[in-house]
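Accompanying notes for the structure given below.
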Amino acid sequence: MPELVFFSGTMDCGKSTLALQIEHNRSARGLQGMIYTRDDRAGRGKLSSRLGLVTEAVEATDGMDFYAHIVAALSSGGRVDYVIADEAQFLAPDQIDQLARVVDDLELDVFAFGISTDFRSKLFPGSQRLVELADRIEVLQVEALCWCGARATHNARTLDGQMVVEGAQVVIGDVHSAPAEVGYEVLCRRHHRRRQTSASAHAAALSPDVLPVYSAE
Ligand SMILES: Nc1ncnc2c1ncn2[C@@H]1O[C@H](COP(=O)(O)OP(=O)(O)O)[C@@H](O)[C@H]1O
Ligand SMILES: Cc1cn([C@H]2C[C@H](O)[C@@H](COP(=O)(O)O)O2)c(=O)[nH]c1=O
């Protein structure tokens, strides 16, 4: 049975790498995928992983109808054996419904990859719809780690290393950002709740919480 599978995890946990591996294994067996992405850091129409691999993809846009796009490709003599959608958190809920229809009516597997929650730990609308509709939700096995060593489960947005909690839901960025740039850091829930990034934890460790005691000689 074809499935809608949501591969979910924090930023930097290997989602795009897995998408590229699925694409590689299937295309090596002569299958033809329709690859979508949206706002990949590598640029428009690219699906890229931090391991350096990249492939061409169709850039999803606002209002794009995935079901109609795939039907049009098939009707014009193209072949589509499966579908990959990376950065699926950026898709609109009705686009996720269209992907579910691709599974049910066109009988194609759809593999969607994305982060579930934003920097405020709120579900992205597209991810919420995936949770509602997916046949399976897969959590990636290679765990990203918080600076404390615990499994990272949350995404923090940072500015100068400090966690910020105000701003637009969508700001494209990376976990390795230059100082003074908006960036991201993955944290465990405890440190996300306490707004403790690696930089703020490091600064706290350097500032003694008691004054040094000098002996009078
Ligand atoms: N230099 C490296 N050596 C080995 N693994 C790396 C290296 N750089 C990144 N990775 C792996 O790639 C993962 C990020 O993969 P990527 O597919 O870009 O993540 P995602 O799409 O989830 O944001 C990291 O968690 C790490 O496991
Ligand atoms: C938490 C969070 C992330 N984003 C953006 C930042 C990146 O461009 C992508 C995630 O990419 P990855 O391949 O999973 O690393 O999402 C955002 O716009 N808003 C957020 O709150």
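For segment 98-136, which positions are β-branched (Val, Ile, Thr) and either assigned by the TED database to the domain that holds Ile172 or over 18 Å from Tyr82 (Cβ atoms) (or both)?
Ile115, Thr117, Val131
When you check His192 against the structure, is it more than 16 Å from ligand 1 (Cβ to nearest atom), outside any loop (DSSP other than H, G, I, E, B) and touching a strand residue (DSSP E or B) at 6+ places or on another chain (Cβ under 8 Å), yes or no?
Here the answer is yes, as His192 does meet what is asked.
Tell me, which strands (runs of 3 or more DSSP E) wholly within segment 1-107 include 1 or more residues that are touching a Ser or Thr at 6+ places or on another chain (Cβ under 7 Å)? Lay out the reasoning, then the answer.
Working: elements: 4-8, 33-37, 46-48, 54-56, 82-85.
The qualifying strands (runs of 3 or more DSSP E) are 4-8, 33-37, 46-48, 54-56.
Note down all Cβ pairs under 6 Å where the first residue falls in segment 166-181 and is of a type outside the set (Gly, Ala, Ser), the second is not in a loop (DSSP other than H, G, I, E, B), and they're at least six residues apart or on different chains.
Hits for this filter: Val171/Val182; Val175/Tyr184.
For Leu140, are the conditions met, namely being closer than 24 Å to Ala57 by Cβ, surrounded by 15 or more Cβ atoms within 10 Å (Cβ to Cβ), touching a residue at least 60 places away in the same chain (Cβ under 8 Å) and within 11 Å of ligand 2 (Cβ to nearest atom)?
yes
Determine, yes or no, whether Ser121 is assigned to a loop (DSSP other than H, G, I, E, B) and either away from ligand 1 (no atom under 16 Å from the Cβ) or on the phi > 0 side of the Ramachandran plot (or both). So that I can check it myself, show each step before the final result.
Details: assigned to a loop (DSSP other than H, G, I, E, B): yes; either away from ligand 1 (no atom under 16 Å from the Cβ) or on the phi > 0 side of the Ramachandran plot (or both): yes.
Considered against the rule, which asks whether it is assigned to a loop (DSSP other than H, G, I, E, B) and either away from ligand 1 (no atom under 16 Å from the Cβ) or on the phi > 0 side of the Ramachandran plot (or both), Ser121 comes out as yes.
Arg44 is checked against (1) of a type outside the set (Ser, Thr, Tyr); (2) over 18 Å from Val171 (Cβ atoms); (3) more than 16 Å from ligand 1 (Cβ to nearest atom) and fails just one. What number does that condition carry?
Condition (2) is where Arg44 drops out.
If you go through segment 174-181 one residue at a time, do you hit one that is away from ligand 1 (no atom under 13 Å from the Cβ) and either in the same structural domain as Leu99 (by the TED database) or closer than 17 Å to Lys15 by Cβ (or both)? Explain how you work it out, then say what you get.
Here is the first cut: in segment 174-181, the residues away from ligand 1 (no atom under 13 Å from the Cβ) are 177-181.
Filter once more, so that each one left must be either in the same structural domain as Leu99 (by the TED database) or closer than 17 Å to Lys15 by Cβ (or both): none.
No - not one qualifying residue is present in segment 174-181.
Quick one: would you say Ala19 is within 16 Å of ligand 1 (Cβ to nearest atom), closer than 22 Å to Leu133 by Cβ and in contact with a Gly (Cβ under 6 Å, 6 or more places away or on another chain)?
no
The values are calculated or read from the model by the stated rules, or taken from the named source; none is laboratory data. Because the structure is a prediction, the values reported are computed rather than measured. Glycine gets a Cβ as well: all are built from the backbone with ideal geometry, and neighbour counts include every protein chain shown.
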